[in-house]
Amino acid sequence: MKDEIIKLKQQIEALAEIGIYTFPNGQIVKAVSVATPNYPPAGTVTQGLEVAIVPGVKMDLKPALNQGCFWNISHEIILKQWDEQKTTLDIIRPLTQLLLENNYSVNVGLRLIPNPKLGNIESRNLTIFKTIVTRRR
């Protein structure tokens, strides 16, 4: 699963709509992260659209008729738009297409609109699902 998440992260980084992180040391990278503690590091400036992948939110194992198993795996993708002139809607179509090409089903969550009075930015969660069938030998 780890290799699959790394591949997915790299594919998302290639999308044109993705923003950037500027780390405290001046290094600039695409604003795509796999949710881990302390990443991005404190002092990082985020510009544009940020994408965080939260792997393995839910994993269900069910027996199959062939004495194998169905693995239902789901991940969360969190979108945050830091540019007030843009929206998370810009990424939905290319991101959904990318996910479908990788055999994921996609559930697009509600869009939380920005509220400058509260200091909130626009965000949206996607849940992606994949079923893997294993067979007993």
Among the candidates THR36, THR87, which residue alone is free of Cβ contacts under 8 Å to residues at least 40 places away in the same chain, in a loop (DSSP other than H, G, I, E, B), within 17 Å of ILE6 (Cβ to Cβ) and of a type in the set (Val, Ile, Thr)?
THR36
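Counting only residues that are among the small types (Gly, Ala, Ser) and open to solvent by 40 Å² or more (accessible area, probe 1.4 Å), which one in segment 29-50 is nearest to SER105 (Cα to Cα)? Let's see the steps before the verdict.
As a first pass, look at segment 29-50 and keep what is among the small types (Gly, Ala, Ser): 31, 33, 35, 42-43, 48.
Filter once more, so that each one left must be open to solvent by 40 Å² or more (accessible area, probe 1.4 Å): 35, 42-43.
Details: ALA35: 21, ALA42: 34, GLY43: 35 Å.
Only one residue fits best here, namely ALA35.
Under the condition of being touching a Pro at 6+ places or on another chain (Cβ under 6 Å) and under 19 Å from GLY48 (Cβ atoms), which residue from segment 1-28 is surrounded by the fewest Cβ atoms within 10 Å (Cβ to Cβ)? Break it down stepwise before answering.
The initial filter retains those residues of segment 1-28 that are touching a Pro at 6+ places or on another chain (Cβ under 6 Å), namely 5, 15, 21.
Now narrow it down to the ones that are under 19 Å from GLY48 (Cβ atoms): 15, 21.
Working: LEU15: 17, TYR21: 20.
Ranking the candidates gives LEU15 first.
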Being among the β-branched types (Val, Ile, Thr) and more than 21 Å from LYS86 (Cβ to Cβ) is the filter here, so list the residues in segment 1-33 that pass it.
ILE5, ILE6
In contact (Cβ under 8 Å) with a residue 12 or more places away in the chain and of a type outside the set (Ser, Thr, Tyr), is that true of VAL106?
yes
Only one of these is open to solvent by less than 50 Å² (accessible area, probe 1.4 Å), outside any strand (DSSP E or B) and of a type outside the set (Asp, Glu): ILE92, ILE78, ILE53. Name it.
ILE92
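The values are calculated or read from the model by the stated rules, or taken from the named source; none is laboratory data. Remember, predicted model here, so these are calculated numbers, not experimental data. In this analysis, Cβ positions are derived from the backbone assuming ideal geometry, glycine residues included, and neighbour counts consider all displayed protein chains. To get the accessible areas, we keep the full protein, side chains included, count just its heavy atoms, and leave off ligands, DNA and RNA. Shrake-Rupley method; radii C 1.70, N 1.55, O 1.52, S 1.80 Å.
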